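Following: one structure in structure tokens, then a few remarks.
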Ligand SMILES: [Zn+2]
Ligand SMILES: [Zn+2]
């Protein structure tokens, strides 16, 4: 599977027993399958997020954040969706397999949105499009 943003081959990273496809050595984006959810317990979530943010990237890779992306699995165009109640950050979601693509900058944005208490409260009521995004909830 290749990165939908920079075409670098994605590499599987095992975090807390779940496989995440990372653009290691490329743009640093992350692919989340929409299954194998629910294996997470709250105490692990932050550690998982830290590991994903530490993926080595090639700073010379240029990514067009506005470009339409194709699902790396199904090769169909992905749709942009707001992923938190604040509706600031959009991530790519595949209408076919339900996977999500997050650019490295989006990860940081999603994470900072989740830091706001109101968003965290709202996210409990209305689950975000992919439960993996809950990894980026800070536990203050
Ligand atoms: Zn990439
Ligand atoms: Zn797909």
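The values are calculated or read from the model by the stated rules, or taken from the named source; none is laboratory data. Please read all numbers here as calculations on a predicted model, not as lab measurements. Cβ atoms come from the backbone with ideal geometry, glycine included; neighbour counts cover every protein chain shown.
Hey, could you check region 53-71 for residues that are in contact with a strand residue (DSSP E or B) (Cβ under 9 Å, 6 or more places away or on another chain) and closer than 14 Å to residue 101 by Cα and say which is surrounded by the most Cβ atoms within 10 Å (Cβ to Cβ)?
Step by step, filter region 53-71, then rank; the result is 71.
Have a look at 67, 48 and point out the one that is outside any loop (DSSP other than H, G, I, E, B), modelled with pLDDT of 65 or more and either more than 15 Å from residue 6 (Cα to Cα) or within 16 Å of ligand 1 (Cβ to nearest atom) (or both).
48
Out of 3, 74, report the one residue that is over 15 Å from residue 97 (Cβ atoms), out of contact with any helix residue (DSSP H, G or I) (no Cβ under 6 Å at 6 or more places or on another chain) and at pLDDT 75 or above.
After ruling out the rest, the residue left standing is 3.
Of the conditions (1) more than 13 Å from residue 106 (Cβ to Cβ); (2) modelled with pLDDT of 85 or more, residue 29 clears all except one; give me its number.
All conditions pass for residue 29, except number (1).
List pairs: first in region 50-66 and closer than 19 Å to residue 78 by Cβ, second assigned to a loop (DSSP other than H, G, I, E, B) and more than 12 Å from ligand 1 (Cβ to nearest atom), Cβ under 6 Å, 6+ apart or cross-chain?
Going by the 6 Å Cβ cut-off, there are no qualifying pairs.
Sort out which residues of region 77-99 are at pLDDT below 85 and within 16 Å of ligand 1 (Cβ to nearest atom), and write them in order of number.
91
When only residues in region 6-26 that are surrounded by 14 or more Cβ atoms within 10 Å (Cβ to Cβ) and within 16 Å of ligand 2 (Cβ to nearest atom) count, which is modelled with the lowest pLDDT?
Per the stated criteria, the residue is 20.
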